[in-house]
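A short write-up of the structure that comes next.
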Ligand code: NAP
């Protein structure tokens with residue numbers, strides 16, 4: 001067997017990728033982590049994290065990312081900013097095509113995460129960045145004493161709406177049902193906020209405005225009634241989709257595109273492991289992502305040792 005460039009390539013630099021990198025570097029594997037944007041993944045835009053153990057007062061997503069990155073790099077993790085465009089998992093040496101070259105390894109951990117979904121209604125593309133956003137940390141401060149709306153009823157929608165109340169004078173939460181999916185403690189806080197008003201049983205069917213967003217067109221799914229809600233900004237938090245297009249048909253995925261793995265984080269391709277939000281998993285948390293990653297790194301190490309004899 002010819003030599004690969006690396007023992008292990010990790011795709012993605014969120015909590016899962018950085019944790020896999022920490023474990024792999026400590027196992028003295030020759031490892032590189034490829035990150036398309038900046039390390040941190042979705043938590044970089046999370047204002048405050050309260051449910052990651054060890055930080056009783058909470059910690060910002062940016063600081064947790066910085067700490068995780070420093071820790072992995074201290075043990076020798078190499079991090080490169082580039083995009084994985086396509087993969088060839090057909091042989092025992094895996095090949096990954098980046099923007100300007102191909103690199104190879106004996107094992108791969110996919111930790112490419114997930115991204116906010118769009119709703120797909122008229123005006124959504126046109127007003128994106130001109131009133132429409134998926135990032136409260138980035139865009140919330142623009143709405144000081146303004147009126148904003150949030151779409152969705154999950155943890156992200158409720159947690160980020162609470163963050164928006166620091167700036168906006170009013171936050172409508174538009175949800176398609178009359179019950180929230182978010183965890184109870186977040187629900188309690190949202191119900192207690194005098195700045196949050198729920199628009200239940202409702203979906204947004206379009207966005208209108210002149211240069212920037214001015215109105216969300218809202219339809220009540222029970223009565224069929226439509227209203228135009230005047231808003232300065234609107235945040236879309238209706239769930240996430242896997243960042244996995246670069247994988248093509250190379251690997252088994254569920255109907256939503258999330259990667260299927262066994263309890264060792266082994267995917268349908270031997271030597272290719274997965275960790276974090278891109279995995280088909282019942283819970284997407286930092287705590288679960290880093291648990292996946294520790295297992296994936298140990299499994300990858302085992303696979304590499306076996307391959308190298
Ligand atoms: P999510 O839990 O899947 O919730 C998506 C919400 O959007 C649901 O309320 C859903 O309504 C609604 N929705 C979905 N499609 C829609 C559509 N086409 N039109 C209108 N509404 C739609 O997604 P998420 O809140 O982004 O969270 C993603 C993952 O990250 C979850 O596992 C979550 O627990 C985790 N997370 C955790 C924390 C935390 O622990 N504090 C914070 C953020 C995220 P239905 O309820 O009717 O399905």
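Brief remarks follow.
- Here 54, 12 are screened, and the one residue that is closer than 18 Å to residue 112 by Cα and at pLDDT 95 or above is 12.
- Test: residue in the range 301-309 that is outside any loop (DSSP other than H, G, I, E, B) and within 16 Å of the ligand (Cβ to nearest atom): no
- In this entry, residue 99 passes the filter for residues that are at pLDDT 95 or above and either under 23 Å from the mean Cα position of the chain (by Cα) or buried (at least 24 other Cβ atoms within 10 Å of the Cβ) (or both).
- Looking only at the range 185-198, residues that are under 28 Å from residue 129 (Cβ atoms), more than 10 Å from the ligand (Cβ to nearest atom) and in contact with a helix residue (DSSP H, G or I) (Cβ under 6 Å, 6 or more places away or on another chain) come to 2 in all.
- For beta carbons closer than 8 Å, sequence separation of 6+ or different chains, a first residue in the range 114-132 that is without any contact (Cβ under 8 Å) to a residue 24 or more places away in the chain and a second that is in a loop (DSSP other than H, G, I, E, B), there are no qualifying pairs.
- Count of the range 66-110 residues which are assigned to a helix (DSSP H, G or I) and touching a strand residue (DSSP E or B) at 6+ places or on another chain (Cβ under 9 Å): 4
- Residue under evaluation residue 140, criteria (1) out of contact with any helix residue (DSSP H, G or I) (no Cβ under 7 Å at 6 or more places or on another chain); (2) more than 30 Å from residue 249 (Cβ to Cβ); (3) surrounded by 21 or more Cβ atoms within 10 Å (Cβ to Cβ), criterion not met: (1)
- Condition broken by residue 194, with the remaining ones in (1) within 25 Å of residue 286 (Cα to Cα); (2) part of a loop (DSSP other than H, G, I, E, B); (3) modelled with pLDDT of 95 or more satisfied: (1)
- Which listed residue is under 24 Å from residue 98 (Cα atoms), touching a helix residue (DSSP H, G or I) at 6+ places or on another chain (Cβ under 6 Å) and within 16 Å of the ligand (Cβ to nearest atom), from 61, 21, 14: 14
- Within the range 24-58, considering residues that are within 15 Å of the ligand (Cβ to nearest atom), touching a strand residue (DSSP E or B) at 6+ places or on another chain (Cβ under 8 Å) and touching a residue at least 12 places away in the same chain (Cβ under 8 Å), the one nearest to residue 163 (Cα to Cα): 48
- Single match in 65, 69, 137, 97 (criterion: farther than 27 Å from residue 303 by Cα and in the same structural domain as residue 281 (by TED's automatic domain parsing)): 65
- Within the range 199-212, if we keep just the residues that are outside any loop (DSSP other than H, G, I, E, B) and away from the ligand (no atom under 12 Å from the Cβ), the residue that is farthest from residue 122 (Cα to Cα) turns out to be 209.
Conditions (1) in contact with a strand residue (DSSP E or B) (Cβ under 6 Å, 6 or more places away or on another chain); (2) touching a residue at least 60 places away in the same chain (Cβ under 8 Å), marked per residue:
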| residue | (1), (2) |
| --- | --- |
| 156 | no, yes |
| 172 | yes, no |
| 183 | no, no |
| 201 | yes, no |
| 220 | yes, no |
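The values are calculated or read from the model by the stated rules, or taken from the named source; none is laboratory data. Keep in mind that what you see is a predicted model, and the values were worked out from it rather than measured. Cβ: placed from backbone, ideal geometry, glycine included. Neighbour counts: every protein chain shown.
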